[in-house]
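*Asks:* This is the structure I want to talk about, given as structure tokens.
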Amino acid sequence: MKPGTAEEEWREDCAPRRVLALFATKWTSMVLHTLHTRHDGASRTGALQRSLPGVSQKMLTQTLRAMEDGGLVTRHVQGTSPPAVEYRLTDLGRRFVEPVEWLYAWGRDNADALDQLGSPTARRD
């Protein structure tokens with residue numbers, strides 16, 4: 001691969017592919033969005049799950065663990081009985097919220113185009 005070529009630009013670890021990998025898992029962007037918009041950057045697990053209709057406890061736990069491993073959120077265990085767990089956006093997580101919010105706004109503004117994607121008649125054209 002020569003420096004500056006299209007092949008190098010699209011290598012497996014290039015920035016665009018890594019960004020898309022973040023959005024490849026359905027719940028990661030939704031957790032980022034929900035933590036940011038509905039919980040001011042921090043939430044207990046139960047409140048976060050109630051804010052995300054359709055997510056199972058198992059999937060939320062897996063998503064939050066992956067996000068913690070990736071540095072997008074931190075996990076804080078409060079010394080109460082029973083222990084309460086709160087997840088908070090990290091500085092890195094807050095940086096990723098911007099493109100998430102941009103995509104979500106685009107989706108709201110272009111719902112008609114998204115509807116056409118799902119329309120069987122649109123696919124025949």
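The values are calculated or read from the model by the stated rules, or taken from the named source; none is laboratory data. Worth saying up front: this structure is predicted, and the values here are computed from it rather than measured. Note that each Cβ is placed from the backbone with ideal geometry, even for glycine, and that neighbours are counted across all protein chains shown. Accessible surface areas use protein heavy atoms only, side chains included; no ligands, DNA or RNA. Shrake-Rupley method; radii C 1.70, N 1.55, O 1.52, S 1.80 Å.
*Asks:* If only one of MET67, MET59 is assigned to a helix (DSSP H, G or I), surrounded by 18 or more Cβ atoms within 10 Å (Cβ to Cβ) and on the phi < 0 side of the Ramachandran plot, which one is it?
*Replies:* Exactly one of MET67, MET59 is assigned to a helix (DSSP H, G or I), surrounded by 18 or more Cβ atoms within 10 Å (Cβ to Cβ) and on the phi < 0 side of the Ramachandran plot, namely MET67.
*Asks:* Before we move on, is LEU60 more than 21 Å from VAL19 (Cβ to Cβ) and under 13 Å from the mean Cα position of the chain (by Cα)?
*Replies:* Spelling it out, LEU60 is indeed more than 21 Å from VAL19 (Cβ to Cβ) and under 13 Å from the mean Cα position of the chain (by Cα).
*Asks:* Shifting gears a bit: Just to be sure I understand, how many residues within the stretch 14-51 are touching a strand residue (DSSP E or B) at 6+ places or on another chain (Cβ under 6 Å), of a type outside the set (S, T, N, Q) and part of a helix (DSSP H, G or I)?
*Replies:* Total meeting the criteria: 1.
*Asks:* Checking VAL19 against (1) of a type in the set (A, V, I, L, M); (2) free of Cβ contacts under 8 Å to residues at least 24 places away in the same chain; (3) touching a Pro at 6+ places or on another chain (Cβ under 9 Å): exactly one of these is not met. Which one?
*Replies:* (2)
*Asks:* Related question: Applying the selection to the stretch 1-20, what residues are at pLDDT 80 or above and either within 10 Å of the chain's Cα centre (by Cα) or open to solvent by 100 Å² or more (accessible area, probe 1.4 Å) (or both)?
*Replies:* GLU12, ARG17, ARG18, LEU20
*Asks:* Of (1) part of a loop (DSSP other than H, G, I, E, B); (2) touching a Ser or Thr at 6+ places or on another chain (Cβ under 6 Å), VAL85 satisfies all except one. Which?
*Replies:* All conditions pass for VAL85, except number (1).
*Asks:* Quick one: which residue in ASP91, ASP109, ASP40 is modelled with pLDDT of 95 or more, loosely packed, with under 14 Cβ neighbours inside 10 Å and under 26 Å from ALA15 (Cα atoms)?
*Replies:* Just a single option satisfies the conditions, and that option is ASP91.
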